[in-house]
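Contents: one structure, followed by commentary.
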Amino acid sequence: MNPTTIRAVRIEQVGGPEVMQLVCAQVGEPGPGQVRIRHHAIGLNFIDVYQRCGLYPLPLPLHLGMEGAGVVEAVGAGVTHLKAGDRAAYASQPPGSYCDVRVLPAMNVCRLPDTISFAEGAAMMLKGLTAQYLLKHCHPVEGLQPGDFVLFHAAAGGVGLIACQWAKALGLQLIGSAGSDAKCALALAHGATHMINYNTEDFAARVQDITAGKRVKVVYDSVGKDTWEQSLDCLSPFGLMVSFGNASGPVPPFAPAVLAAKGSIYLTRQTLFSHISSRERTQAMADDLFGVVTSGQVKIHVAQRYPLEQVQQAHRDLEARNTTGSTVLIP
């Protein structure tokens, strides 16, 4: 087959949304261990912003995007879990999902159940698998039991709304934070037990009130710099601080003795791609995610859709925190 000409979003230098350009590119046949997929929807995530602005440095020029859903057009040698014509979705490295068609490693590509739409599939893989590893694999040393309190920042975002619903299904009492009353209401409607508007309330003081002074066993934080110090004050002794993003900027250096002073607390910095480092782990986590979605326990909130050519505006809205739930690009 001759190479196919497609549209793809590429950056030649790091910077603001304006550095993203829609260009023509060539896509050929998948090699061993690879798959070619035609996208019906593409996921938008904060990691895309981090890569675009240089916070997560990658070689340039760079094709952006870590998440997508569509139809498999061809598979390379050695790929046995997919075939041409399959509906599929993925969160995968290397970047490159902001395009019409791409070739990528098949390891993290999963068959998409017929009951889940392409837009939901593109919106749920990176964010849903993130919620899965946070709630199922990032536990404090004393464990999590039904009834326990956890604090989840950015609870009205894509990962947050999935986590609110999943935490409720697990019997956890999720205290969420968000930046407006409307976002707080949205998270409450998706299963959060309590919500705190961090722009009008002292969230650490509210956590103390809600938990009658006991504080929480875990803080899940993708915000970073703006929430860091107060989050440590929300943890009970031997609690766990789970950092998994930097939406407000990276956390500045701090002395490890701070963890002792706050109650011998634990700290971990997580990334999804450590968890989906094999085909078996990816499939097991995806099966768990697909199960809670198809059962109706978790609904995927696709709140914004942009044509691929409006990718710059999509990034502006995401960075300005003008979005809720998940956002997809439509090629």
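The values are calculated or read from the model by the stated rules, or taken from the named source; none is laboratory data. Computed from a prediction, not measured in an experiment: that's the story for all the values here. In this analysis, Cβ positions are derived from the backbone assuming ideal geometry, glycine residues included, and neighbour counts consider all displayed protein chains.
Count of the range 245-277 residues, restricted to those that are modelled with pLDDT under 95, among the aromatic types (Phe, Trp, Tyr) and surrounded by 13 or more Cβ atoms within 10 Å (Cβ to Cβ), is 1.
As for the range 129-143, it holds at least one residue that is within 23 Å of residue 293 (Cβ to Cβ), modelled with pLDDT of 95 or more and of a type in the set (Gly, Ala, Ser).
Number of residues in the range 288-312 that are closer than 27 Å to residue 176 by Cβ, more than 17 Å from the chain's Cα centre (by Cα) and not β-branched (Val, Ile, Thr) equals 5.
Quick check: anything in the range 307-325 assigned by TED's automatic domain parsing to the domain that holds residue 42 and on the phi > 0 side of the Ramachandran plot? Yes: one or more hits.
The set of residues in the range 268-290 that are over 14 Å from residue 128 (Cα atoms), part of a helix (DSSP H, G or I) and small (Gly, Ala, Ser) contains only 274. Determine, yes or no, whether residue 74 is surrounded by fewer than 22 Cβ atoms within 10 Å (Cβ to Cβ), more than 19 Å from the chain's Cα centre (by Cα) and not in a loop (DSSP other than H, G, I, E, B). Against the criterion (surrounded by fewer than 22 Cβ atoms within 10 Å (Cβ to Cβ), more than 19 Å from the chain's Cα centre (by Cα) and not in a loop (DSSP other than H, G, I, E, B)), residue 74 qualifies. If you go through the range 175-188 and keep only what is β-branched (Val, Ile, Thr) and either touching a Cys at 6+ places or on another chain (Cβ under 7 Å) or part of a helix (DSSP H, G or I) (or both), you end up with nothing. Going residue by residue through the range 35-46, is there one that turns out to be over 19 Å from the mean Cα position of the chain (by Cα), exposed (fewer than 15 other Cβ atoms within 10 Å of the Cβ) and modelled with pLDDT of 95 or more? No; the residues of the range 35-46 include none that is over 19 Å from the mean Cα position of the chain (by Cα), exposed (fewer than 15 other Cβ atoms within 10 Å of the Cβ) and modelled with pLDDT of 95 or more. Just wondering, is there one or more residues in the range 305-328 that are among the β-branched types (Val, Ile, Thr), closer than 28 Å to residue 140 by Cβ and assigned to a loop (DSSP other than H, G, I, E, B)? The answer is no; no qualifying residue exists. Could you tell me whether the range 271-284 includes any residue that is of a type in the set (Lys, Arg) and under 27 Å from residue 202 (Cα atoms)? No - not one qualifying residue is present in the range 271-284.
Output yes when any residue across the range 192-210 is more than 20 Å from the chain's Cα centre (by Cα), crowded, with 18+ Cβ neighbours inside 10 Å, of a type in the set (D, E, K, R) and more than 26 Å from residue 55 (Cα to Cα), and no when none is. Within the range 192-210, one or more residues are more than 20 Å from the chain's Cα centre (by Cα), crowded, with 18+ Cβ neighbours inside 10 Å, of a type in the set (D, E, K, R) and more than 26 Å from residue 55 (Cα to Cα).
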